[in-house]
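The structure appears right after this line, and notes come after that.
The values are calculated or read from the model by the stated rules, or taken from the named source; none is laboratory data. This one's a predicted model, so the numbers in the text were calculated from it and none came from an experiment. Every residue, glycine among them, receives a Cβ derived from its backbone with ideal geometry; neighbour counts consider all protein chains shown.
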Amino acid sequence: MRLDNYTDDFFEVNNKNGFLPKKNPLSKLPERYNELQRLIYEMPIKKEDGSNGLLSKKGAIEDRINNLSNLKDLVNNEDDVFIVQALFRTYAFLTSAYLLAPAHFSYIETKKYGKAHTTLPAQVAEPFAIVSKKLDVYPFLDYHYAYSLGNYVKIDDTKGHEWENLAMAAKFSGMDDERGFIMLHVDINQHSPELIGGIFDYLNSNDSTEVNNSLKKCLSSMKKINERRQIMWQASRWKHYNDFRVFIMGIKGNDEIFGNGVIYEGVSDKPLQFRGQTGAQDNIIPTADIFTGVIYYYPSNDLTKYLLDLRLYRPKCIQNFLEDIKNEMGNNRLFNELKESNNEEGLCMLIQILDEIYYFRNGHWQFVQKYIMANTKYAKATGGTPIISWIPNQITAVLNYMDDVIGLLPQNSEFLNIKEFYSQLHKKRDLLNKQLKLLHLDKYKPDEVFSLNRKMGLSDK
Ligand code: HEM
């Protein structure tokens with residue numbers, strides 16, 4: 001099987017680029033789009049020069065969008081994918097800023113999100129629909145081409161993808177917490193080439209030594225991914241998440257804000273609905289779940305359906321990559337192969353990779369407790385999911401799988417301290433159960449849920 005053709009010329013999924021773009025995205029649009037580019041510079045609540053931008057004044061973004069030219073013919077002529085992507089990013093930002101500006105101001109005044117606009121003017125809707133079609137994605141702010149992976153600008157070109165070295169080409173709040181939040185997602189992905197390299201090595205392996213070496217690579221990348229993920233607490237202060245969160249809300253699942261959808265003038269007479277940008281569109285955890293077989297432990301409920309729905313919110317080349325890996329790894333291949341070949345060292349690697357997935361999810365669950373639950377009572381996430389009931393589900397899936405793997409390992413394994421692992425596993429489950437118990441109370445206190453992490457020695461910070 002060929003595992004080297006996952007590209008749309010912007011992304012190219014392999015052991016060189018991982019899930020990052022093939023080269024740096026354009027930091028700005030070509031000169032013929034100066035009108036649009038100026039709007040992107042002037043839009044953030046805080047502009048680059050420190051002065052207040054359009055999103056700091058009620059009605060200002062609406063005025064500017066109402067007077068914007070319709071560039072659909074110009075846009076239609078573009079065929080360079082990096083220009084098309086930069087246009088998609090631009091129109092995605094203009095769309096979310098325009099639609100959600102009233103919700104933003106309502107939040108400032110009342111601490112409630114209020115209503116968004118539900119009609120998108122043709123001068124944005126039409127060219128946006130054209131570039132979306134060229135990229136074969138939905139016309140709404142997404143994670144890959146718009147807010148995150150396709151939105152970084154290296155501050156020093158000779159340096160790497162550490163978030164400190166990344167600025168945003170387009171932004172909503174313009175403050176450092178927004179930059180830290182989303183650029184850390186890019187930063188984490190600098191370790192995805194090693195993960196993909198490990199998976200490809202596994203698929204090409206011929207014996208258990210090669211299998212174990214490939215798993216070592218996956219484990220090494222997952223450890224680095226977790227180390228970088230943990231930096232979120234410093235990169236973006238949790239108390240400031242609401243400064244920009246409203247602008248990444250989706251239409252679908254957020255009916256209180258959007259009613260039954262948005263009319264894209266000149267594109268559709270019926271209201272349209274799309275999911276919002278969310279880290280759930282990132283590929284690292286889905287890839288790790290598919291490769292290791294965590295997907296076989298997902299509960300079958302609405303929340304798992306949502307995860308699969310989100311597959312459609314990814315570039316086609318990435319959807320194909322995930323689909324092919326899923327087919328290759330069918331019938332829980334990794335687990336069964338390690339079990340049948342009595343590969344104790346491989347099973348010890350597998351359980352350590354699962355442990356990294358656990359640490360990712362448990363650390364991430366702590367983000368949700370602090371950045372969202374402690375900040376707001378609005379129970380829907382930007383992707384439109386009921387956050388509180390959802391995130392813990394996938395943690396349980398990982399713990400259940402770890403139970404099955406550890407059951408195959410001898411107490412005196414030379415590769416891992418199994419006793420210690422057992423007792424940690426017990427503690428991890430205990431923590432989650434205690435948190436869920438608190439959450440089922442009518443009025444839970446986010447602080448109590450959060451402080452359990454530290455009390456039980458599983459704090460992410
Ligand atoms: C402050 C930081 C973060 C917060 C508050 C946060 C919040 C959320 C929320 C609320 C969800 C539920 C889905 C939805 O959006 O509707 C979610 C899902 C998800 N997020 Fe995040 N997220 C954060 C950082 C990250 C990072 C850095 C990554 C990876 C690069 C990530 C990856 C994921 C994944 C893979 C899911 C799907 C859930 C799963 O498979 O367990 N998130 N996140």
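Among the conditions (1) within 14 Å of the ligand (Cβ to nearest atom); (2) modelled with pLDDT of 95 or more, the only one that residue 355 does not satisfy is (1).
The set of residues in segment 253-281 being over 13 Å from residue 139 (Cα atoms) and within 16 Å of the ligand (Cβ to nearest atom) consists of 253, 254, 255, 256, 257, 258, 278, 279, 280, 281.
Just the residues that are aromatic (Phe, Trp, Tyr), under 22 Å from the mean Cα position of the chain (by Cα) and within 18 Å of residue 243 (Cβ to Cβ), please, taken from segment 72-121. Before you say what the answer is, go through the steps one by one.
Kept after step one, since they are aromatic (Phe, Trp, Tyr), are these residues of segment 72-121: 82, 88, 91, 93, 98, 105, 107, 113.
Going one step further and asking which of them are under 22 Å from the mean Cα position of the chain (by Cα), we end up with 82, 88, 91, 93.
Once the filter is applied, which keeps residues that are aromatic (Phe, Trp, Tyr), under 22 Å from the mean Cα position of the chain (by Cα) and within 18 Å of residue 243 (Cβ to Cβ), segment 72-121 yields only 93.
With the condition kept exactly as written, say whether any residue in segment 293-305 is surrounded by 17 or more Cβ atoms within 10 Å (Cβ to Cβ) and farther than 24 Å from residue 225 by Cα. Yes: one or more hits. Looking across 93, 82, one residue alone is in contact with a Leu (Cβ under 8 Å, 6 or more places away or on another chain), aromatic (Phe, Trp, Tyr) and crowded, with 22+ Cβ neighbours inside 10 Å. It is 93.
Each row is one residue, and each column tells you yes or no for (1) closer than 19 Å to residue 282 by Cα; (2) part of a helix (DSSP H, G or I); (3) out of contact with any strand residue (DSSP E or B) (no Cβ under 8 Å at 6 or more places or on another chain); (4) touching a residue at least 60 places away in the same chain (Cβ under 8 Å).
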site: 173; (1), (2), (3), (4): no, no, no, yes
site: 178; (1), (2), (3), (4): yes, yes, no, yes
site: 192; (1), (2), (3), (4): yes, yes, no, yes
site: 196; (1), (2), (3), (4): yes, yes, no, yes
site: 212; (1), (2), (3), (4): no, yes, yes, yes
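Okay, residues lined up against (1) over 21 Å from residue 128 (Cα atoms); (2) among the basic types (Lys, Arg):
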residue: 5; (1), (2): yes, no
residue: 26; (1), (2): no, no
residue: 38; (1), (2): no, yes
residue: 64; (1), (2): no, yes
residue: 69; (1), (2): no, no
residue: 76; (1), (2): no, no
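Residues in segment 115-160 that are touching a strand residue (DSSP E or B) at 6+ places or on another chain (Cβ under 6 Å) and free of Cβ contacts under 8 Å to residues at least 24 places away in the same chain: 155 only. Mind listing just one residue for me: the one in segment 268-288 that is hydrophobic (A, V, I, L, M, F, W, C) and in a helix (DSSP H, G or I) and, of those, surrounded by the fewest Cβ atoms within 10 Å (Cβ to Cβ)? The selected residue is 285.
Looking only at residues of segment 282-312 that are at pLDDT 95 or above and within 11 Å of the chain's Cα centre (by Cα), we find that the one that is farthest from the ligand (Cβ to nearest atom) is 283.
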